[in-house]
Amino acid sequence: MHQPKLQPVETTENLRRRVGRLFKEPLKAEKNKDQLSLSLSFIEKNENKVKYPSQNIGEFLSFISDAMPDGDVYLFGGVLRDLALFGRNGFNSDIDLVVEGNWSHFVTYLQSLKAQKNKFGGYRLMVGGWPVDIWNAEDTWAIKQGLVSYDGISSLTDTTVLNWDAILMNWRTQQFIYRDNYFKEMQSRVLDIVLEKNPNPLGMAVRVFRHLCSKDARKLTPSTAKYMAHCANLYSFEEMRKVEFSSYKNNIIQPPLYRFFAQINTSNDKNIKHQFGIAKNIIEGELGLHLFGIDPFWSIESSK
């Protein structure tokens, strides 16, 4: 599997430039038969049709931002995470947008584009060959479930499972909203759990394990170690491997890593750092080699 070069950003300006480079030209992706025709009209203003923009994602975002004078459109989560970690070459996924403003008006627009409603209440459409998911900020899953109270757009940084996803960018103003220490944690590649509950727990467990196996993450917080131990107890290795291949078309989660976190779960010692050491010794003893001794990403950050 090709692994893009890790280039963690240091500042918001650095990330803003990466976003600009990604969206400067039409994104190159495999065309989808369901992609929208770019000749579709949107709304009428002063009796003049406003035409759908070109296949440039940046133009599309500017277009829908301008169409919402009383609201804003935000990039959210994965696209910003991947750009923050790897740069343009590391992004090859869906683009998530959240809308704060007149959602009912915006839904009318999306329906005119024949966007498909997804099972969590958002809408999906193809722009320039790339899948774009659009959500109402106040109806995102964790907020609808009552797990997080909505007190403005910044509330969404409390709804992600991982700290690396807890960032938004206002497309109109180009300003970022993120959790404390976001760029520091990205630089040191500390993986932390923000909100454990999510609508796809097995899929999320697979993603977290993959971050360790690909060595995107160098350090874990105690809450992340506990989360991974819980997942290893909840799901079999075979279950995780099957979902991993279905989602990513490859398998990189290593059996020793899975057994490592399963061992943490079997200990009665409540001190997670001590459990971590016990499990490390057990797995290294089983394998007869120093599996974890040379990899700094296995260290656990102190509690905050």
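Listed from fewest to most Cβ neighbours within 10 Å, the set W164, W130 follows the order W130, W164.
With R₀ fixed at 30 Å, the C-beta to C-beta distance from E286 to D94 puts the FRET efficiency at about 0.20.
Once both labels are modelled 7 Å past Cα along the beta-carbon direction, what's the H230-K144 spacing in nm? Here the answer is 2.2 nm between the modelled labels.
Over the C-alpha trace of the range 138-255, radius of gyration and Dmax come out as 15.2, 46 angstrom. Once the chain from C213 to S112 is taken as fully extended at 0.36 nm per residue, the excess over their C-alpha distance is 32.1 nm. Values of log10 I(q)/I(0) for the range 130-184 across q = 0.25 Å⁻¹ run -1.13, by the Debye formula with one identical scatterer at each alpha carbon and no solvent.
Distance between the modelled labels on K242 and N170, one decimal in nanometres: 4.7 nm (7 Å Cα→Cβ projection).
Annotation: extensible slack from D70 through L195 equals 42.0 nm (criterion: 0.36 nm per residue apart, minus Cα-Cα distance).
The gain in end-to-end length when the Q254 to T11 segment is fully stretched comes to 84.2 nm, 0.36 nm per residue minus the alpha carbon separation.
Bear in mind that the values in this text are calculations on the coordinates, not laboratory data. Small disclaimer: the values here were computed from a predicted structure and weren't measured. Quick reminder, even Gly has a Cβ in these numbers, built from the backbone with ideal geometry, and neighbours come from all protein chains shown.
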